[in-house]
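Input: a single structure, listed below in structure tokens.
The values are calculated or read from the model by the stated rules, or taken from the named source; none is laboratory data. Note that the structure is predicted; figures quoted are calculated from it, not measured. We place every Cβ from the backbone using ideal geometry, glycine too, and count neighbours over all the protein chains shown. These area figures cover heavy atoms from the full protein model, side chains too; ligands, DNA and RNA do not enter into them. Shrake-Rupley method; radii C 1.70, N 1.55, O 1.52, S 1.80 Å.
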Amino acid sequence: MASEALTGGFEDAPRQSARAFRAALEVMARPGEVQELGDLGTAPAPVSPAAATLLLVLCDPETPVHLAGDHDRPEVRDWITFHCGAPLVGPGEAAFGLGTWEALGELGQYAIGTAEYPDRSATLIVDGAFAAQPVTLAGPGIKESRRAELPAVGPFRANRALFPLGLDFYFCDGATLWALPRTTRVAEGELA
């Protein structure tokens, strides 16, 4: 295991993890609302500080992680093993997927839950910038509507149509974080 895997994480784990976990819950409860994270974890490149922070607070030995594209590299694998203990798996077995939008690939390869257990679905952590399309979000956690930018519209509409099944998403770029749960309705463009 490279020494790079032993660095990072939280310096003050109890306080930082509590604040980060609260931020992860808040952005999922308020779809499209961007938060700038303060106390950040760090992981080897290309993992952003926001994505590293999510991994530290959401992943453990019982939450399998799939690494996609450039995120699937030895340093990142070692870091996750050391700091989270999460098993690394293929997309179909993952509780969490991490990668760029392009690298995460076809959404149909991830678990969407079952009628009896809709919570047994994957959460995808989209890490890094993407070619953005303006959208309007509506649904639980949004007073009327909220403007946001997504890499596409169709996949998120199709995901919403699966409700109560489907995937949940976190979007990370640097220290910023926002979320899109499966309950959110996505419309193309911005409302006037």
Which residues, counting only those in the stretch 102-112, are surrounded by fewer than 22 Cβ atoms within 10 Å (Cβ to Cβ) and outside any loop (DSSP other than H, G, I, E, B)? GLU102, ALA103, LEU107, GLY108, GLN109, ILE112
Condition set touching a residue at least 40 places away in the same chain (Cβ under 8 Å) and assigned to a loop (DSSP other than H, G, I, E, B), scope the stretch 117-135, selection farthest from TYR170 (Cα to Cα): answer is PRO118
Just checking, how many residues over the stretch 129-139 are of a type outside the set (Gly, Ala, Ser) and open to solvent by less than 20 Å² (accessible area, probe 1.4 Å)? 3
The lone condition VAL126 fails out of (1) modelled with pLDDT of 95 or more; (2) farther than 15 Å from LEU54 by Cβ; (3) open to solvent by less than 60 Å² (accessible area, probe 1.4 Å) is (2)
ALA115 - would you say it is out of contact with any Lys or Arg (no Cβ under 9 Å at 6 or more places or on another chain), closer than 22 Å to ARG185 by Cβ and open to solvent by less than 20 Å² (accessible area, probe 1.4 Å)? no
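One residue is enough: does the stretch 21-36 have a residue meeting the conditions more than 30 Å from GLU144 (Cβ to Cβ), open to solvent by 30 Å² or more (accessible area, probe 1.4 Å) and either part of a loop (DSSP other than H, G, I, E, B) or without any contact (Cβ under 8 Å) to a residue 60 or more places away in the chain (or both)?
No - not one qualifying residue is present in the stretch 21-36.
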Yes or no: GLY41 surrounded by 20 or more Cβ atoms within 10 Å (Cβ to Cβ) and under 14 Å from the mean Cα position of the chain (by Cα)? no
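Residue-by-condition table, conditions (1) of a type outside the set (Gly, Ala, Ser); (2) open to solvent by less than 20 Å² (accessible area, probe 1.4 Å); (3) touching a residue at least 12 places away in the same chain (Cβ under 8 Å); (4) not in a loop (DSSP other than H, G, I, E, B):
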{"position": "GLY141", "(1), (2), (3), (4)": "no, no, yes, no"}
{"position": "ARG147", "(1), (2), (3), (4)": "yes, no, yes, yes"}
{"position": "PHE156", "(1), (2), (3), (4)": "yes, yes, yes, yes"}
{"position": "ASN159", "(1), (2), (3), (4)": "yes, yes, yes, yes"}
{"position": "PHE163", "(1), (2), (3), (4)": "yes, no, yes, no"}
{"position": "CYS172", "(1), (2), (3), (4)": "yes, yes, yes, yes"}
{"position": "ALA179", "(1), (2), (3), (4)": "no, yes, yes, yes"}
{"position": "ARG182", "(1), (2), (3), (4)": "yes, no, yes, no"}
Members of the stretch 49-65 found to be in a loop (DSSP other than H, G, I, E, B) and either of a type in the set (A, V, I, L, M, F, W, C) or open to solvent by less than 10 Å² (accessible area, probe 1.4 Å) (or both), listed by number: CYS59
